[in-house]
Amino acid sequence: MKKDFQRIVLALLLMVTLSAHASSEASDGLLVKDGVRLFPIGFYELPTDPAALKAMAEAGVNLVHCANRGDLDRVQAVGMQGVVPLDLTQGGSEALRGQVSEMADHPALALWEGPDEVVWNFTAYSGLFKSLGVHKTQGAWWSQSPEAVLYAREKAAELIPKMREASALIRGIDGGKHPLWINEASRSDATYVRQYFDFVDITGCDIYPVHAKESPLERVGAFTQLWRQIGRDKPVYMVLQAFAWTELGDTHAGEELRYPTFAESRLMAWDAIARGARGILYWGSAFTKSAAFRESIYAVTRELAVLHPFLTAAEGPTLRPEVLETQEAQAPQVLALCRRSGDDWLVVVVNEDAKQHMPVVVGGLEALNGRTLNLLYGDETFVVSNGELTARILPYGVNVYATDRKWETQNRGGPDTKPEGNPN
């Protein structure tokens, strides 16, 4: 009798999961506030200082990590929304029930977040060195040692059913009203990640490429593309760098202090968007000691916040950027996107190369023939003809064009955060 009862309960939980998931299946990852769709611009950090929280909101940030109802009250007071992390690995516990019940009806709650980097933590960055005495843990996983493979298989079999059970509990309480997002490491194993995709709405990864000795910024776009593929086109949130590696502790002691520059942060954000990201969050700002660096991140978020009508609009015509120069031995990676909001248009050209390209001809703009495009935060204007825009773009550069200069924010940042001059 007891076993029959357990089977019935599990069946009901599965039904709740499937039913509620169907209701949130249409989630495209965007936020909704007062009936207006917003592109998620988030921070993991929730400042304790009210003035710092207000400054974050005024910088266009609209999503912040919250731990309880009091946190949600605070972010609501400054016009932001909250994402609440939940430990799904304990299953449908009473503690989880209480946590979800406390916050599910809060008007500032936007979405739930599952355990951070959950697959990474039982594969490449697992506890093998503690449980089995296997040293160089990541090496054990990448070499597919029998111990690492078995450990990962056993942990997945233990954790993912519990996460499924927890998800069913959450959906049962909030009716699938709030999407569930899980962030992974950029190289988390896709096989295990896909084992929890039937009860998750949003995926994505964190990527922090700026180091003292190298800064392969193009990895942001590459991993955005990869996680769209892993997620079978589920909405992707990208978590970007808001710290210098030396601020994270002894592991990087002795290295040169190196923050991303404004231009680098701007490239990472726009590259993720051009590759299809449906939200951007920043991690590590709680560790940073540089007010100037924080302001440079805020300069990026201000720029993006003004452009919500475009970032939430349907994709425009497929553009065809073509680099017309002969000195490159291999095809450069230049991307372009186009969005429309009312009678206005936005065109963004992103250079994932560490070299400038002059010129780049962007085709596919026949709908804009005769329209004037203004290079935002620059002096140049261009009249589109033959469906083409001609641009010159700096290494790791971003050119943002709009049909009206009203899309420039008037408070983008101080002189030290402005982009380098455009070579047009």
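Numbers for the structure displayed
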{"item": "Order of 155, 213, 33, 406 - criterion: other Cβ atoms within 10 Å of each residue's Cβ, fewest first", "result": "213, 406, 33, 155"}
{"item": "DSSP-assigned coil residues among GluC sites (Glu not before Pro) in segment 351-380, each with at most 14 further Cβ atoms within 10 Å", "result": "380"}
{"item": "Pairwise FRET efficiency - residue 286 versus residue 177, Cβ, R0 = 35 Å, nearest 0.05", "result": "0.75"}
{"item": "Proximal aspartates and glutamates relative to residue 177, as straight alpha-carbon distance under 18 Å, when same-chain residues fewer than 8 apart are discounted", "result": "25, 28, 34, 102, 105, 113, 165, 198, 201"}
{"item": "Charge sum, other residues only, whose C-beta stays under 15 Å from residue 96's C-beta, Lys/Arg counted +1 and Asp/Glu -1", "result": "-2"}
{"item": "Label zone at residue 34, where the point sits 7 Å out along the Cα-to-Cβ direction: segment 49-70 residues whose backbone N lies under 20 Å", "result": "53-64"}
{"item": "Segment 184-234: GluC sites (Glu not before Pro) falling in loop per DSSP and having at most 10 other Cβ within 10 Å", "result": "214"}
{"item": "Computed over segment 140-279: relative contact order in percent, which uses C-alpha pairs under 8 Å that are six or more apart", "result": "20 percent"}
{"item": "Extension gain, residue 404 back to residue 315 (0.36 nm per residue minus Cα-Cα distance, nm)", "result": "30.1 nm"}
{"item": "Cβ-placed point charges (K, R +1; D, E -1), dipole of segment 2-311 about Cα centre in debye, nearest 20", "result": "560 debye"}
{"item": "Net charge, residue 191 excluded, C-beta distance under 14 Å - Lys, Arg +1, Asp, Glu -1", "result": "+3"}
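Rule-based calculations on the coordinates, nothing more; no lab input. These numbers come from a predicted model, not from an experiment. Neighbour counts are summed over all protein chains in view; Cβ atoms, including those assigned to glycine, are modelled from backbone coordinates with ideal geometry.
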